[in-house]
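Comments concern the structure below.
The values are calculated or read from the model by the stated rules, or taken from the named source; none is laboratory data. Small disclaimer: the values here were computed from a predicted structure and weren't measured. When we count neighbours, we look across all protein chains shown, and the Cβ atoms used for this are built from the backbone with ideal geometry, even at glycine. The accessibility values were calculated without ligands, DNA or RNA, using every heavy atom of the protein model including side chains. Shrake-Rupley method; radii C 1.70, N 1.55, O 1.52, S 1.80 Å.
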Amino acid sequence: MIDLSTWNLSIPVGSPPSTIDTPKLLSGFKDQYFQAEGSSVQFWTPVTGTRTENAVYPRSELRETYADGRLRNWLYSDADNYLRATLAVNQVPSSGKIVIGQIHAYDSQKPLIKVEYQYKEKTQTGNIVAKVRMRPDESEGRVIIVAENVPLDRDFTYVIHLNKAGLLSVDAANGQWNERIGAAWGKQPLYFKAGAYVQDNSGNSKEGARVTFAKLDIDHE
């Protein structure tokens, strides 16, 4: 079972988009955008979904919280911080791109890292790509291909790890990357996100991102 006691959920319906708080999520919430069935959770994000303020694309995405629903934000120097997931991408939009995990910065439009599945029609598989800002003030981050040739509907695992010394690593499918981030990130409150943040906003309501997580776990050790 995936522990939903450390998350709230944003879904792409309503204006602004709805946030399902942690207690409601724990009590068995489900709709067309989010379903917790058995030991897995599935996210669906149509390209036509409503978008959060300042966002270009819609999302069905979990955001880190405490069990009582308060938002959890942390400084990386306080712990070894892990987001571990096992998932399969079931459907992609025409852009082929879905953000499946993030470390975001509180009160900022610029995440530290986005881990993205990028599907390629030519190979009928996807790459796992990390988009990383080495400093909080960078407008565009670096793009690193961590793994290649990941098929649709095939389970794979990723681990995002940011240690106390600022070493950021991504292990995904058959690849690995790591590098030390800039010290300026040390003052920024951070939090994890995971789900189906579709990187597309054109098409009909049947086009979008569908992702099924078999495991999803946060640790601050």
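Please go through segment 30-115 and write out the trypsin sites (Lys or Arg not before Pro) that DSSP classes as loop and that have at most 11 other C-beta atoms within 10 Å.
R70
Got a number for carbon plus sulfur as a percent of segment 61-160's accessible area, 1.4 Å probe?
C and S fraction of accessible area: 43 percent.
What lysines sit close enough to K193 to cross-link, taking a C-alpha to C-alpha distance under 17 Å and skipping anything fewer than 8 places away on the same chain?
Cα-Cα hits under 17 Å: K97, K110, K114, K131, K215.
So which GluC sites (Glu not before Pro) in segment 129-186 pass both tests, a DSSP loop state and at most 16 other Cβ atoms within 10 Å of the Cβ?
Of the GluC sites (Glu not before Pro), the ones in loops of segment 129-186 whose Cβ has at most 16 other Cβ atoms within 10 Å are E138, E140.
Find how much the distance from N178 to D155 grows on full extension, using 0.36 nm per residue of separation minus their present alpha carbon separation; answer in nm with one decimal.
6.0 nm
Mind checking the per residue accessible area of segment 14-170 for me, 1.4 Å probe, whole number of Å²?
Per-residue value: 46 Å².
What relative contact order, as a whole-number percentage, does segment 7-220 give when Cα pairs under 8 Å and 6 or more residues apart are counted?
Averaging sequence separation for qualifying contacts and normalising by length gives 30 percent for segment 7-220.
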